[in-house]
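Right, one structure below, let's go through it.
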Amino acid sequence: MKNFGGKALLLDRNDINTDEIIPAKYLTEITKMGLQPHLLEDLKLGGFDPASVCRQGYRAIVTRANFGCGSSREHAVWVLEVNDITMVVAESFARIFRQNMFNNGLLAVELPAADIDAIFALGPDVEIQADLAGNRLTATAAGGEQRSFAFRLNEFDRELVLAGGWLAYADQRY
Amino acid sequence: MGKTITEKIFDAHLRDTPFADNVVLDIDVVMCHEITTPLAITDLEARGLDRVFDPHKIKVVIDHVTPSKDSKSATQAKILRDWARRHHIPDFFDVGRNGVCHALFPEKGFIRPGYTVIMGDSHTCTHGAFGAFAAGVGTTDLEVGILKGVCAFRRPQTLRVEIHGVLPQGVYAKDVILAVIKRLTVKGATDMVMEFVGPVVEAMDMESRMTLCNMAVEAGATCGVCMPDRVTAEYLWPFIASDYADIQAAVADFQRWHSDPDAQYAGTVRFDVSDLAPQVTYGFKPDEVKDVSEMEGAPVDQVYMGSCTNGRISDLRVAAEILAGHRIADTVRGILAPATPKVYQQALEEGILKIFLDAGFCVTNPTCGACLGMSNGVLAEGEICASTTNRNFNGRMGKGGMVHLMSPATAAATAIAGHITDPRPYLRREEA
């Protein structure tokens, strides 16, 4: 099974939208790799520098509520994927973005606000690791301090992650 | 226990129930445009699965960047065009016949009560105005829809949105939906269908209902929906006349989709719009909404009329009523993009285009372009646009630009004044 975890990028804001994750002007790219340099290019977040996130070894994002709201563009998921970010942990997601994550076999984990607070408190150099079988997420601070959180996945979404995405699942089944 | 319209549509389209909370539905209409479809096409090709489940149930349009502005957008259009031809998809709309998808496809009669509809576009929720379940999806869902004619959804919860009172003069469906989103917030309806009911909705024409449902996704909703009734039947009559003896028979048939009186809702919100003022967004989220009086005098560089929210003929008529006999402010660039060729033709025949041109507007072809900062009206850093569109995200219409969402009436008055202003005095003067 795919490993979900590694160095986490902390984005401390609600309602980060798909235009911020990948601006529309890049939607004329016809390969996923063409999106790669433009991750979070228009993110409105104090002190944030988009140049600091591309290919800096991040494997996950931890953020607040309603991540991925706005457009249906799957480019917002692909731009994460081509930057090796395979998991987003948030208080909540916009529906289409969340489904796009699972449809690509990537992980969108929802945790209560207090748990998200606790991960932010460990930052900024925090690593997170998801244990899919045990339904637990472990966050480790640079100093070694560790916190562990239970999460719940929708059963169908879990199947999609295990199948490697919706197309593979649907092609076998329908 | 009674059912909502959405539960009835789900029951009628159920293909599979992989888990109690998850269903796979048969899809009646899979709609495609050139931004989110090409990567589905190339992926299907790469997998050796270059097939379509039913060419007659797939509707294709080039609308986001059209005519193509550069080699990349031309390549996207070509991939879509070649694919549509290769699979003999009859309903394919290219330059000259194309328009904004959520305005064009209803106009063609493709959406009917009780239908399931998907598209790789978040504003697909617009089509719920016809009493359909219509959801925006990503490219992978679209790809499976193209190949298999199915799509998976969680069992939907429904939020009942009751709109009471009487719409005052100068206040429109756009103002209503902005007020609704302000109250619900941008995530207030996530994973829910927003069911719009009440006397104000019943009195609305189809174009207003589409405006209402169009922005359901801005509150996080999967779909907006209105009960299909006589208004729906009259709009669709040219397409359904052979299916029914008369309009009354269609209206009676549509009744089967209506939510039952004892249906279960996740919640109900009530609005009385009798005292509602024109609404305008002030920030970078569509729930950041104020009365126009609080925004009076705010500067704008550009006024944009168009989009799947407010680019239809009724929108243009309202704006023209205000613009007639006026020139827009010298400091403002006015851009009108009629949403479809039919809207363009009607506006031409009714003298509306002349009013816009005389006022100093630029009239472009039908396209989504400016709304998402792709073409035909992109903002520069620090510029501000008064817009009849649906999203005011940071940089939406161009990096560093700002968008104020409003009705066509407020946008027209704003264009004349050169800053955000209340449209109602312009309408009153017309009456006097």
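Classify segment B:284-431 as rounded, prolate or oblate, taking a ≥ b ≥ c as the square roots of the eigenvalues of its Cα gyration tensor: rounded when a/c is under 1.5, otherwise prolate if a/b is larger than b/c and oblate if not. Because a/c hits 1.5 or more and a/b fails to exceed b/c, segment B:284-431 counts as oblate. Quick check: from the Cα gyration tensor, does segment B:345-432 come out rounded (a/c under 1.5), prolate or oblate? Verdict is oblate for segment B:345-432. Chain A packed on chain B takes about 4300 Å² of accessible surface away from a 1.4 Å probe, both sides summed.
Relative contact order, whole percent, for chain A stands at 23, derived from Cα pairs under 8 Å and 6 or more residues apart.
Straight-distance candidates among the lysines for linking to B:K72, with alpha-carbon spacing under 26 Å and chain neighbours fewer than 8 residues away dropped: A:K25, A:K32, B:K59, B:K399.
The alpha-carbon atoms of chain A define a convex hull whose volume equals 114 cubic angstrom per residue. Note on B:A12 and B:R317: their simple-model spin labels are 3.0 nm apart, each label 7 Å out from Cα toward Cβ. Atom-type composition of the exposed protein surface of segment B:379-424 places 49 percent of the accessible area on carbon and sulfur (1.4 angstrom probe). From the Kirkwood radius over Cα pairs of segment B:81-225, Stokes-Einstein at 37 °C and 0.692 mPa s returns a whole-number translational diffusion coefficient of 205 µm²/s. Under the criterion of Cα pairs below 8 Å and six or more residues apart, the relative contact order for segment B:301-402 equals 33 percent. For the listed peptides B:16-27, B:404-415, a ranking on the average number of other beta carbons within 10 Å per residue, highest first, reads B:404-415, B:16-27. Working value for segment A:1-42: equivalent-ellipsoid semi-axes of 21, 17, 8 Å, each the square root of 5 times a Cα gyration tensor eigenvalue, largest first. Taking only protein heavy atoms and a 1.4 Å probe, the accessible area of segment B:5-270 is 49% carbon and sulfur.
May I ask for the distance between the Cα centers of segment B:268-347 and segment B:1-45, given as a whole number of Å? Here the two parts' Cα centres lie 33 Å apart. Which positions within segment B:67-88 get 10 Å² or more of their accessible surface covered by the other protein chains, compared to the chain by itself, with a 1.4 angstrom probe? Hits at the 10 Å² cut-off: B:K69, B:K72, B:T75, B:Q76, B:I79.
For segment B:1-56, what class follows from the C-alpha gyration tensor (a ≥ b ≥ c being the square roots of its eigenvalues): rounded when a/c is under 1.5, otherwise prolate if a/b is larger than b/c, else oblate? Cα axes put segment B:1-56 in the prolate bin. Under 12 Å from a point placed 7 Å out from the Cα of B:F239 along the Cα-to-Cβ direction: which residues of segment B:35-75 have their backbone N that close? Flagged as within label range: B:59. Each label point was placed 7 Å from the Cα along the Cα-to-Cβ direction; for A:A118 and A:S148 their separation is 1.1 nm. Spin-label pair A:N135-B:Q264: with each label point 7 Å from Cα along the Cα-Cβ axis, the two points sit 2.1 nm from one another.
Rolling a 1.4 angstrom probe over the protein heavy atoms with all chains in place gives segment B:5-270 an accessible area of 32 Å² per residue. Each listed q (0.19 Å⁻¹) maps to a log10 I(q)/I(0) for segment B:282-370, found by the Debye formula over equal Cα scatterers with no solvent: -0.92. For the residues B:G149, B:G48, B:G373, a GNM of chain B with alpha-carbon springs under 10 Å puts the largest fluctuation on B:G48. Sorted largest first, the spans of the alpha carbon positions of the protein assembly as shown along the three principal axes are 75, 56, 49 Å. Grab the DSSP H runs of the protein assembly as shown that are 4 residues or longer, score each as -39,500 (n - 2.57), total them, divide by all residues and round the 222 nm result to the nearest 500 deg cm²/dmol. For the protein assembly as shown, the value works out to -9000 deg cm²/dmol. Over all pairs of different C-alpha atoms in segment B:5-270, the reciprocal of the mean inverse distance, the Kirkwood hydrodynamic radius, equals 19.0 Å. Per residue, the accessible area of segment A:5-173 comes to 35 Å², computed with a 1.4 Å probe over protein heavy atoms only. For the residues A:A90, A:A139, A:A150, a GNM of chain A with alpha-carbon springs under 10 Å puts the largest fluctuation on A:A150. Apolar share of the accessible surface for chain A: 45 percent from carbon plus sulfur atoms, 1.4 Å probe. Protein heavy-atom accessible surface, 1.4 Å probe, per residue over segment B:284-431: 33 Å².
Of all beta bridges that DSSP places with both ends in chain A, some 50 percent have antiparallel geometry.
The separation of segment A:31-45 from segment B:59-103, counted between C-alpha centres, amounts to 25 Å. For B:R230, the accessible area of its heavy atoms, probed at 1.4 Å with every protein chain present, is near 100 square angstrom. Distance from the Cα centroid of segment B:192-215 to that of segment B:361-387 is 26 Å (rounded to whole angstrom). Which FRET efficiency value, to the nearest 0.05, do you get for B:H164 and B:A249 by plugging their Cβ-Cβ distance into 1/(1 + (r/R0)^6) with R0 = 22 Å? That pair, B:H164 with B:A249, gives E of 0.15. Among the trypsin sites (Lys or Arg not before Pro) within segment A:86-174, those in coil by DSSP and having at most 16 neighbouring Cβ atoms inside 10 Å are A:R152.
With both residues required to sit in chain B, DSSP beta bridges show an antiparallel share near 20%.
A Förster radius of 35 Å combined with the Cβ-Cβ distance from B:V95 to B:R47 puts the calculated FRET efficiency at roughly 0.70. For the segment A:14-23, counting C-beta atoms of other chains within 10 Å of every residue's C-beta and taking the mean gives 5.
What GluC sites (Glu not before Pro) in segment A:74-174 are in a loop by DSSP, with at most 15 other Cβ atoms within 10 Å of the Cβ? Within segment A:74-174, the qualifying GluC sites (Glu not before Pro) (loop, at most 15 other Cβ atoms within 10 Å) are A:E145. As a length-normalised measure over Cα pairs under 8 Å and 6 or more apart, the relative contact order of chain B settles at 17 percent.
The values are calculated or read from the model by the stated rules, or taken from the named source; none is laboratory data. What you are looking at is a predicted structure, and each value in this text was computed from that prediction instead of being measured. Positions of Cβ are generated from backbone atoms using ideal geometry, with glycine treated the same way; all protein chains shown enter the neighbour counts. Calculation scope for accessible area: heavy atoms of the full protein, side chains included, ligands and nucleic acids excluded. Shrake-Rupley method; radii C 1.70, N 1.55, O 1.52, S 1.80 Å.
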